[in-house]
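Note sheet for the following structure.
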Amino acid sequence: MFSTIYIEEEVLETSRVKNMLDRFPQVPRVVCERYGEVFNRKSQNFRLQKKAPALILAKKYGSKVLVAPDGYGYNDSRSYYFSHMLNCVYDCRYCFLQGMYSSANYVLFVNYEDFEEAIASKIEKNSGGGVYYSGYDCDSLALEPVSDFCKHFVPLFGEYPNAELEFRTKSTQIRHLLEQPVIPNCVIAMSFTSHEAGSRWEHKVPSIDKRLEALQKLQLAGWRVALRFEPLILDSQGLTPYESLFAQVFAKLDARKIHSVSSGLFRMPIDFHKRIVKLYPDEELFARPTTTADGMIALKSEDESLQLAAIEKLLFSHISPQQYYRCA
Amino acid sequence: MIKKFEKSLHGSESTPVNIVVAHALEAKALIPMLHLQPFQTTSRFVQYGNSNNLHLIVSGIGRAAMEAAITDLSQQQANEEGQIRAWLNIGIAGHSKAPLGSAWLGNKITCQESGVSAYPPQLIAGIDSVAVITVDEPERTYPEDAAYEMEAFSFFEQATKYSTAELVQVFKIISDNLENPIEKLDFKNIPIWIRLLQEQIILLISKMSELVREHNDSHRIPRVYRELCSRIHLTVNQKLQLKRLCLRYKALGLEADLESVISLAGSHSKQIISQLSAQIDRVGKQ
Ligand code: SF4
């Protein structure tokens, strides 16, 4: 699963780290002082590292709960994100993480108690409310069997019923969620793209069927689930891929109970795009004509807004417009 | 197993790996093992190579010698094509208790003098790894569980200026330990130990070659770029634009379409670039 496990000296003797290490007795271990010695150094290559990523167990210092970027979620006010992990076990070619980091290794911050304290204090500052996103710099659930992340963080939100926790994921690692009591203020938001986009650009991601199966189990168990259709990469096939995707999704889930549905076009900060192009000069997606606006890059398309509106119309045949928001 | 790796090593596939050794004795066993021939060069460093692009340079002992050899070789191999090479340091080291002739990849290289560590990414499975400490004087007590030697840190620091860290590795062979101190080292054993490690060395070179080849293939610039550069005057910025355009054509499966612009080589560089841009913007829209 990991080529190597790097461990910061400071967390080496913690019981959480010892338990994690016990699960991988055969993986070589290397002790480092700070994770920055190993992660995101110059002269590293994300694409090559993705072939055999390492796990880095570290302690997070500094701000742990940050204001969510504009348009990240469905609720503009008081939205925050926190990242217990950097990087993702999946390998989506359109993923902005490839442009954000020069390293594909997974950094797992193991000082959960410090995150808890920071989240609790932020919730209290917001009079018990706010929306808290996990899964901005990683996939929230994909490493759950190793990290026990949601096993640990969901109960915290049980104590703050007016604060909402959203897990962004493409993972089917839901066992820990199913094993614990449901809390109504936790949302599991699963991302989907069309079958065609998935098979072209999403590597190692569980199939749409498997993800739907996981969402269905969660929904039946009483968890609130949400759908994120992004990034939409519009091409010559028009609406057809989305017709079949939506039909498949809404045949499996109870649409009325879905917390929210969103869609968003392919967008990326210009600098990240530049770096990704250098990494994947052979990737068709990054060779397409682009436009730039407000520091972001988008694929050039004449009828983008028309196509997006048509996709939204399709969605509204399954859900109510109140359940929907468009990502910035 | 070794046959399979040997085949890949000496077959038609390119092996863009630079092996750097400090001692001529380390080179001695590698030359026949890797079918290397003396490489004629004006460089002050002794070099060997083969037709598959595998290269070996003897740096001399110590950090300064290592840095100089890498700089020299990288200048000799410089290219405008974005093609890189893997770098592999093979050399002897001491360890408190590791058996003589055993060998590891370095997973953490610390410069004893500065205390700074570097971490070669571990992409190659099947070879055990160990910490390496680079010292300026031979170490006799081996206080840490690490291989002690004299070049690895400088090797890594210098080679990563010309390649990516994943493709820079050090392979250390134990030549001395507490029971067999360095003063009693019989130099004749060095080529023998290296020969006995043939399987690991070939595995290492093969896997490194595979990674570089894949990298270089994906970054290969279409031939038209070179052709146009040699025929028309292009500013530095225009060269960059043209390179990117050629790569975009290739990524979109339109490399063959590029050939048509060669006939325009008599035209102004601006005209060629704008024609290529307009065409790809038309075709590339899905
Ligand atoms: S699942 Fe999300 S975070 Fe992971 S690689 Fe894909 S886009 Fe990136």
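The values are calculated or read from the model by the stated rules, or taken from the named source; none is laboratory data. Model, not experiment: these values are computed from the prediction. Backbone-built Cβ (ideal geometry, glycine too); neighbour counts: all protein chains shown. To get the accessible areas, we keep the full protein, side chains included, count just its heavy atoms, and leave off ligands, DNA and RNA. Shrake-Rupley method; radii C 1.70, N 1.55, O 1.52, S 1.80 Å.
Check region A:226-243 and report whether any residue there is among the basic types (Lys, Arg) and away from every other protein chain (no Cβ under 14 Å).
yes
Could you please find all residues in region B:180-192 being open to solvent by 30 Å² or more (accessible area, probe 1.4 Å) and either free of Cβ contacts under 8 Å to residues at least 40 places away in the same chain or closer than 18 Å to B:Trp104 by Cα (or both)? Walk me through it before giving the result.
Of the residues in region B:180-192, the ones open to solvent by 30 Å² or more (accessible area, probe 1.4 Å) are B:180-184, B:186-189, B:192.
Selection gives B:Glu183, B:Lys184, B:Asp186, B:Lys188, B:Asn189, B:Ile192.
Give the residue, chosen from A:Arg41, A:Arg16, that is of a type in the set (Lys, Arg), within 22 Å of A:Tyr61 (Cα to Cα) and away from chain B (no Cβ under 11 Å).
A:Arg16
So in region A:77-108, with the set limited to residues that are of a type outside the set (Gly, Ala, Ser) and more than 16 Å from the ligand (Cβ to nearest atom), which one is nearest to the chain's Cα centre (by Cα)?
A:Tyr80
A:Gln307 passes all but one of (1) part of a helix (DSSP H, G or I); (2) modelled with pLDDT under 95; (3) more than 12 Å from chain B (Cβ to nearest Cβ); which number fails?
Condition (3) is where A:Gln307 drops out.
What's the number of the condition A:Phe272 fails, among (1) more than 25 Å from A:Phe46 (Cα to Cα); (2) outside any loop (DSSP other than H, G, I, E, B); (3) away from chain B (no Cβ under 14 Å)?
(1)
Which residues, taken from region B:205-224, are over 16 Å from the mean Cα position of the chain (by Cα) and away from chain A (no Cβ under 12 Å)?
Correct list: B:Arg223, B:Val224.
Just name the residue that is nearest to the other protein chains (Cβ to nearest Cβ) out of those in region B:227-284 that are open to solvent by 70 Å² or more (accessible area, probe 1.4 Å) and in a loop (DSSP other than H, G, I, E, B).
B:His268
Please determine whether any residue of region A:196-217 is at pLDDT 95 or above, within 15 Å of the ligand (Cβ to nearest atom), of a type in the set (A, V, I, L, M) and within 26 Å of A:Phe109 (Cβ to Cβ).
yes
Could you check region A:286-295 and list, in sequence order, the residues that are in a strand (DSSP E or B) and either closer than 17 Å to A:Arg326 by Cα or out of contact with any helix residue (DSSP H, G or I) (no Cβ under 9 Å at 6 or more places or on another chain) (or both)?
A:Thr291, A:Ala293, listed by residue number.
Please work out which residue is farthest from the other protein chains (Cβ to nearest Cβ), limiting yourself to region A:120-149 and to residues that are within 16 Å of the ligand (Cβ to nearest atom) and outside any loop (DSSP other than H, G, I, E, B).
By that ranking, first place goes to A:Tyr133.
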